[in-house]
Amino acid sequence: MDASAARQGGEAYEIFMGRWSRPVADRFLDWLHAPAGADWIDVGSGTGVLTASILERCAPASVVAVDSSETFTDYARHRFDDRRLCIDTVDATSLPVADGSRDVAVAGLFLNFLPSMEEGLREMRRVLRPGGILGFYVWDYPDGGMGMLDVFWSAAAQLDPAAAALSERARFPDCSHAGLTRLCQAVGIEPAISTIDTISEHEDFEEYWRPFTLAQSTARRYLDGLDDEARARLRGALAQRLDHGGPIRLPARAWCVKAQIPD
Ligand SMILES: C[S@@+](CC[C@H](N)C(=O)[O-])C[C@H]1O[C@@H](n2cnc3c(N)ncnc32)[C@H](O)[C@@H]1O
């Protein structure tokens with residue numbers, strides 16, 4: 001892939017979502033409390049937000065980082081220079097490691113994007129050794145916990161009721177305590193579930209709005225489908241809600257889940 005396309009795509013993700021994922025990744029890893037010297041796999045690793053935290057904080061023996069997007073894996077390959085890390089461009093439903101070969105399998109802001117979260121979790125479980133640790137986090141979409149996105153879709157739906165179905169709130173109903181508990185039960189693991197509360201702080205309205213126009217996302221595809229007038233109306237409706245002349249602070253709350261695989 002063209003290096004400048006990967007850089008652009010990766011940077012757009014970082015501005016749109018990576019910067020809000022990062023503080024959650026750090027706190028998630030502190031909570032996960034995995035031992036040093038472990039063999040890790042980071043599934044849906046994207047531009048490497050969680051990967052970077054693992055390398056910095058967890059003293060891993062090795063990390064396999066897996067994502068299906070060549071744009072993001074190329075971006076990550078340029079970002080890291082660490083012999084413990086191997087980056088693979090593959091689908092998460094077919095991880096490139098043997099059964100029972102990893103100590104820790106993690107996924108940050110990823111599982112809900114699979115057609116079946118259960119299939120993704122089973123695959124993560126497959127690669128873990130007995131006693132291994134499985135952990136992941138997702139935004140608390142159903143309760144509006146990713147405020148930056150929630151307010152976007154709420155304003156869009158007020159102008160265009162069809163937009164409501166595109167919101168993460170509507171698309172990811174299982175990113176709730178009950179949904180995640182059910183999911184873990186379905187794959188036979190006993191989870192500990194907690195929340196991590198952070199804030200997305202945007203300098204001003206322009207800095208809130210611009211990332212929506214840059215990064216590949218459902219919101220960007222929606223904006224691209226609007227004519228200039230409808231787009232300006234949505235921007236205006238959002239400005240009315242959010243632009244009070246100063247920084248914009250919105251909740252960014254994630255559910256985090258961990259479980260130990262029985263010995
Ligand atoms: C919101 S990003 C999360 C990236 C990173 N873990 C983070 O916390 O910033 C979701 C990632 O899942 C990846 N993804 C989506 N479907 C996938 C699949 N079937 N297999 C592997 N990766 C996938 C996307 O390419 C994207 O990088």
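Values in this text are rule-based calculations from the coordinates and carry no lab data. Note that this is a predicted model, so its numbers are computed, not measured. Glycine also receives a Cβ, built like all others from the backbone with ideal geometry; neighbour counts cover every protein chain displayed.
Pairs of Cα atoms under 8 Å, at least six residues apart: use those to get the relative contact order of region 100-202, whole percent.
Working: 113 pairs, mean separation 25.9, N = 103.
The value is 25 percent.
Relative to the longest principal Cα axis of the chain, at what angle does helix 147-159 sit, 0 to 90 degrees, rounded to 10?
Taking Cα atoms only, the helix is inclined about 40 degrees.
What is the dipole size for region 92-200, taken about its Cα centre, with +1 at each Lys and Arg Cβ and -1 at each Asp and Glu Cβ, in debye to the nearest 20? The partial results should precede the final answer.
On the way: 8 positive and 13 negative charges, 66 e Å.
Taking the Cα centre of region 92-200 as origin, the dipole is about 320 debye.
Could you go through region 65-70 in sequence order and give the Karplus-derived ³J(HN,Hα) for each residue, using 6.51 cos²θ - 1.76 cosθ + 1.60 with θ = phi - 60°, rounded to whole Hz, and x for Gly and Pro?
Computed from phi, the couplings for region 65-70 are 10, 10, 8, 7, 8, 5 Hz.
Over the alpha-carbon set of region 121-172, work out the extent along each principal axis and list the three values in angstrom, largest first.
Projected onto the principal axes, the Cα atoms of region 121-172 cover 52, 18, 12 Å.
Select from GLY132, GLY108, ILE87 the residue farthest towards the positive end of the dipole of the chain; place +1 on Cβ of Lys and Arg, -1 on Cβ of Asp and Glu, and compute about the Cα centre.
The residue sitting most towards the positive pole is GLY132.
Counting only C-alpha contacts under 8 Å and six or more residues apart, can you give the relative contact order of the chain as a whole percent?
Computed over the chain, the figure is 21 percent.
Hey, how many Å between the Cα centroid of region 215-233 and the Cα centroid of region 108-187?
Taking the Cα centre of region 108-187 as reference, the centre of region 215-233 is 23 Å away.
Taking every Cα atom in the chain, find the radius of gyration and the maximum pairwise distance Dmax, and write them in Å.
18.6, 60
Helix 205-214 versus the longest principal axis of the chain: what angle, 0 to 90°, nearest 10, using Cα atoms?
It works out to around 60 degrees.
Please determine, in degrees from 0 to 90 and to the nearest 10, the orientation of helix 3-13 with respect to the longest principal axis defined by the Cα atoms of the chain, where the helix direction is its Cα long axis.
Once rounded, the angle reads 70 degrees.
Calculate log10 I(q)/I(0) of region 1-135 for q = 0.09 Å⁻¹, where I(q) comes from the Debye formula with a single equal point scatterer on each Cα and nothing for solvent.
With one equal scatterer per Cα and no solvent, log10 I(q)/I(0) is -0.23.
When DSSP assigns beta bridges and you keep just the ones with both residues in the chain, what percent turn out antiparallel, to the nearest 5? Can you show the working numbers first?
Numbers: 19 of 38 bridges.
Counting DSSP beta bridges with both partners in the chain, the antiparallel share is about 50 percent.
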